[in-house]
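Participant: Sharing a structure, written as structure tokens. Questions coming.
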Amino acid sequence: MTPQLNEWKNNQWSVTVEYIDPKDQSTSKMTKRVMRFPTPLPSLVTSVSEKSNALADSLEAQFQPITNPSVPALIEKFDEAYCLTPASESKITNPDEFQGVILGLKFGRAPGPN
């Protein structure tokens with residue numbers, strides 16, 4: 001860099017530092033700005049074949065078949081234990097009882113303990 005550019009950057013930094021005030025949270029904003037590291041960009045692909053290969057590699061990495069035979073068994077076991085069994089037996093036997101339970105609910109409250 002040229003000496004003039006360095007001098008200009010130093011002057012800009014000095015002006016910025018003069019206006020930092022802890023009362024308006026500018027200190028934390030400046031700290032975040034100074035401590036931020038730029039995220040490296042992925043390499044650019046230019047040709048059509050490179051683009052198609054990059055897309056194929058990405059899709060292949062995202063969509064892998066399940067090769068572990070225990071995973072479907074685990075899903076089925078979870079469904080049987082948690083999803084397919086009712087929480088409790090219903091004591092409501094006719095529509096009038098059901099309507100009475102619905103009308104007895106408090107508005108603006110979620111069910112369950114407080």
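Read the figures in this text as sums done on the coordinates, not as results from a lab. Just so it is clear, the model here is predicted, and its values are computed rather than measured.
Participant: Can you return the lysines within cross-link range of residue 23? Criterion is Cα-Cα under 29 Å, with same-chain partners fewer than 8 residues away left out.
Facilitator: Filter leaves 9, 32.
Participant: Tell me, in nm to one decimal, what length is gained between residue 4 and residue 26 on full extension, where the rule is 0.36 nm per residue of separation less the Cα-Cα distance?
Facilitator: Numbers: separation 22, 0.36 × 22 = 7.92 nm, distance 2.81 nm.
Between residue 4 and residue 26, full extension yields 5.1 nm more.
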